[in-house]
Amino acid sequence: MILINLLPHREIARKRRKDLFNVGLGVSAMTGGLIAGMVFVMFQAQISAQQDKNRILDGEIKKFNKQIGEIATLESEIAGLRARQQAVEDLQADRNLPVHLLSELVKQLPEGVYINSLRQDGQNLAFQGVAQSNERVSDLLRSLNNHSPWFSHPELVEIVGGSVTFGPRDIRRVSNFSIKVKLLRASEAAKVASSAVIKTSSPAAVNLRAAALAAPLAVSAPAPGAKLPLITPPASIAAAIARPAPSVSMAP
């Protein structure tokens, strides 16, 4: 016996598959929404945590900036104090500069060179004098540049030929010169002496040399009527050279 199904089974199966698809689609949408929500919440939590850290960092940065400003203020105050201290030390050292100047010039003047006038302006020194020859002037420049820690950068301004009359038939040629040189302070002279002596001397000798330069010189007052050989030429030459009386001027 043949059975024939007259019911719309195809439509029923199609509807069942459609319903299953709709259910699966809904479940998938819900699962996707749930996952997206969880990811969003996780990201929001991380963003909030990072924002909290950023706020903490901003607060610490502001504190550090305030401390840096205070440190900069302290550094400027320290620099000002050091500048004032250096100024006081320079003033203390400059009190002995004329003594060192005259003492060192006496040591460095070669034979046959005489100083007529001397002028000091701070650490700059200018003097004029008379030499027996140009070679004597060269010796003086070499001595000031190489053999004295108190003088630096000697410069020959001019040298002019002249004559000295010793008698009716004894006329000799001389050189009238003008020189500029820088006078170093005690601390600078000690550094120059140390750097020059350390190559050939022991550390003890270097320390003794630096201490001797830094210490003030003990100079006794000249006897009444005594003349300094530094700025006064012999009587025979002074009488022969038609120049004003020797003068020494120290500008503060």
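Figures for the structure shown
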| item | result |
| --- | --- |
| Scope region 140-152; condition open to solvent by 70 Å² or more (accessible area, probe 1.4 Å) and more than 25 Å from the chain's Cα centre (by Cα); matching residues | Arg142, His147 |
| Pair list, Cβ < 6 Å and 6+ apart or interchain, from region 136-153 residues that are without any contact (Cβ under 8 Å) to a residue 40 or more places away in the chain and aliphatic (A, V, I, L, M) to residues that are open to solvent by 10 Å² or more (accessible area, probe 1.4 Å) and part of a loop (DSSP other than H, G, I, E, B) | Leu140/Pro110 |
| Filtered residue count, region 153-183, keeping only those that are surrounded by fewer than 10 Cβ atoms within 10 Å (Cβ to Cβ) and either touching an Asp or Glu at 6+ places or on another chain (Cβ under 6 Å) or among the acidic types (Asp, Glu) (or both) | 2 |
| Selection from region 91-132 of residues that are exposed (fewer than 14 other Cβ atoms within 10 Å of the Cβ) and either in contact with a Phe, Trp or Tyr (Cβ under 6 Å, 6 or more places away or on another chain) or not in a strand (DSSP E or B) (or both) | Leu91, Gln92, Arg95, Val99, Val106, Lys107, Glu111, Gly122 |
| Flag if Glu135 is in a strand (DSSP E or B) and among the acidic types (Asp, Glu) | no |
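The values are calculated or read from the model by the stated rules, or taken from the named source; none is laboratory data. This is a predicted model, so every value here is computed, not measured. We place every Cβ from the backbone using ideal geometry, glycine too, and count neighbours over all the protein chains shown. Note: areas computed on protein heavy atoms with side chains; ligands, DNA, RNA excluded. Shrake-Rupley method; radii C 1.70, N 1.55, O 1.52, S 1.80 Å.
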